[in-house]
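Trainee: Please read through the structure below; I'll follow up with questions.
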């Protein structure tokens, strides 16, 4: 993931809203879009983290944990 700032996330926010994968993400994206219209609004650290994740998923797809070679039970 990248360290996008909130302004960069908001540039792509319409596309992020359309790409939301579930009801929670759709609601979150809508609420952020409404709040972002207010010039004094800035996201909390937690909101920004979610915004960054959703924006990154738009470009790079969902992030999955990598399973390193040698993990698991091999005979």
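Trainee: Using only the Cα atoms of region 6-60, construct the convex hull and provide its projected area averaged over every direction, in square nanometres to one decimal.
Mentor: 3.4
Trainee: If I model a spin label at residue 27 and residue 11 as a point 7 Å from the Cα along the Cα→Cβ vector, what separation in nanometres do I get?
Mentor: My value for the distance between the label points is 3.1 nm.
Trainee: Counting other C-beta atoms within 10 Å, which of 11, 50, 32 has the fewest, and how do the rest follow?
Mentor: 11, 50, 32
Trainee: Please report 37, 31, 25, 8 as a ranked list, fewest other C-beta atoms within 10 angstrom at the top and most at the bottom.
Mentor: 37, 31, 8, 25
Laboratory data are not the source of any read-out in this text; all were calculated from the coordinates shown. All values reported here derive from a predicted model rather than from experimental measurement. Ideal geometry is used to build each Cβ from the backbone, glycine not excepted, and the neighbour counts take in all protein chains shown.
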